[in-house]
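Accompanying notes for the structure given below.
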Amino acid sequence: MTQQFETIALIGIGLIGSSIAREIREKQLAGTLVISTRSEATLARAEELGLGDRYTLSAADAVRGADLVIVSVPVGASGAVAQEIAAHLKPGAIVTDVGSTKGSVIAQMAPHLPDTVHFVPGHPIAGTEHSGPDAGFVGLFRGRWCILTPPAGQDEEAIARLRRFWETLGSMVEEMDAEHHDKVLAIVSHLPHIIAYNIVGTADDLEAVTESEVIKYSASGFRDFTRLAASDPTMWRDVCLHNKDAILEMLSRFSEDLAYLQRAIRWGDGDKLFDLFTRTRAIRRSIIQAGQDTAMPDFGRHAMDQK
Ligand SMILES: NC(=O)c1ccc[n+]([C@@H]2O[C@H](COP(=O)([O-])OP(=O)(O)OC[C@H]3O[C@@H](n4cnc5c(N)ncnc54)[C@H](O)[C@@H]3O)[C@@H](O)[C@H]2O)c1
Ligand SMILES: O=C(O)C(=O)C[C@]1(C(=O)O)C=C[C@@H](O)C=C1
């Protein structure tokens, strides 16, 4: 494949950063790939895995001369990274990130970045419950959405170059504003994780009562929840703290709907239960039928934006 950038700097080399690094190397998308992370052990591991061409603990050093800078750290750390790299960015460079929340990342990073660079925030909707440089793999982004949330008026050429980069990694790219992104992701990604953390926590609390039955009988639906609940605690702490408003809004809708379900069960209203379960089954089937079981459902921009 053809080289797309002379030098790419990756700040953060966990699941997402190392998956991007593996893609860049495999597809030869950069002349030079510079890797930076704050922990010595992680950087040494990235070097052992041969993920880049140059390795440094200094993010400032990493971005010098880079045409594309990809920040791939927990969202709570993005402001500190932006502050560290700001004075060292090459004029004309594209700066992007992969954070799971967008409004907060923009609020943290944008004030530090000079006008001479193009800031195009991004979010690949792809991942696993694993973290760290060993967890990444080629193909993670294939057939998955990547959402870009450029500020209004951002350089079209920069957006197009980043779009092409993600498409080369196999992603389908969509642009939307950060606020809308945060609402959609609150329901399709953040709430499912919070619900999983909660149900596994509840079951763990109950285990004192039921002794080891939680483990013993967990071959069923519970297991699916434990996968999500095994996701990285730092990442998900930051997501909850940095998409607070949208998550609280979706949680309150979720609680209302749960109360409706609870009432139907209490009053033995089988029709209500049957209707809901039929509706949700149809949603799953339509996603599979469209061959988009990995795609992000369109919940309707208008409905999602209503308070
Ligand atoms: N895991 C997923 O499923 C997933 C999917 C899409 C997007 N994301 C987002 O991608 C980002 C990275 O997630 P991940 O899953 O790769 O996490 P990870 O824990 O696997 O890796 C995080 C990396 O960031 C480094 N880091 C942490 N703080 C840092 C700092 N202050 N300066 C420099 N490096 C620092 C860590 O050493 C590590 O290399 C997060 O913002 C997350 O929200 C994650
Ligand atoms: O599949 C998983 O394990 C994930 O958690 C991936 C997932 C998701 O919720 O779909 C998690 C967080 C991201 O920001 C994007 C993708």
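The values are calculated or read from the model by the stated rules, or taken from the named source; none is laboratory data. Please read these numbers as outputs of a predicted model, since none were measured by experiment. Note: ideal-geometry Cβ built from the backbone for every residue, glycine included; neighbour counts use all protein chains shown. Only protein heavy atoms, including side chains, enter the accessible area calculation; ligands, DNA and RNA are left aside. Shrake-Rupley method; radii C 1.70, N 1.55, O 1.52, S 1.80 Å.
Model label sites at A282 and Q83, defined 7 Å from Cα along the beta-carbon direction, differ in position by 5.2 nm.
Which is the longest part of the chain that has none of the chymotrypsin sites (Phe, Trp or Tyr not before Pro) sitting in a DSSP loop with at most 11 other Cβ atoms within 10 Å? With a cap of 11 other Cβ atoms within 10 Å, the longest stretch comes to 1-216. Our note on the geometry: Cα centres of the stretch 68-93 and the stretch 175-249, 29 Å apart. Taking every protein chain into account, the accessible area of the chain amounts to 52 square angstrom per residue (probe 1.4 Å). The H on the amide N of C146, modeled in the peptide plane, is under 5 Å from the matching H of I125, M172, V173, E174, each at least 5 residues off or on a different chain. Over all orientations, the stretch 1-100 has a Cα convex hull whose mean projected area works out to 5.7 square nanometres. Computed over neighbours whose Cβ is under 10 Å from that of H181, the net charge equals -3, Lys and Arg +1, Asp and Glu -1. Atom-type composition of the exposed protein surface of the chain places 53 percent of the accessible area on carbon and sulfur (1.4 angstrom probe). Over the stretch 129-187, Cα pairs under 8 Å with separation of 6+ residues give a relative contact order of 43 percent.
Taking DSSP loops as anything outside H, G, I, E and B, show the longest stretch in the chain free of GluC sites (Glu not before Pro) there with at most 16 other beta carbons within 10 Å.
Maximal segment without exposed cleavage sites: 1-128.
Roughly how far apart, in whole Å, are the Cα centres of the stretch 143-161 and the stretch 6-23? Spelled out, the Cα-based centre of one part sits 18 Å from the other.
Using just the helices of the chain, give the 222 nm mean residue ellipticity in deg cm²/dmol: DSSP H runs with n ≥ 4 each add -39,500 (n - 2.57), and the total is spread over all residues, rounded to 500. List each step's numbers first, then the result.
On the way: 14 runs with 154 residues, N = 307.
When only DSSP H runs of four or more count, the value is -15000 deg cm²/dmol.
The Cα atoms of the chain cover 67, 45, 35 Å along the three principal axes, with the biggest extent listed first. Restricting attention to the chain, close to 10% of DSSP beta bridges with both partner residues there are antiparallel.
Compute the signed sum of charges (Lys and Arg +1, Asp and Glu -1) over the other residues within less than 14 Å, Cβ to Cβ, of A230.
Numbers: positive: R223, R227; negative: E129, D204, D224, D232.
Neighbourhood net charge equals -2.
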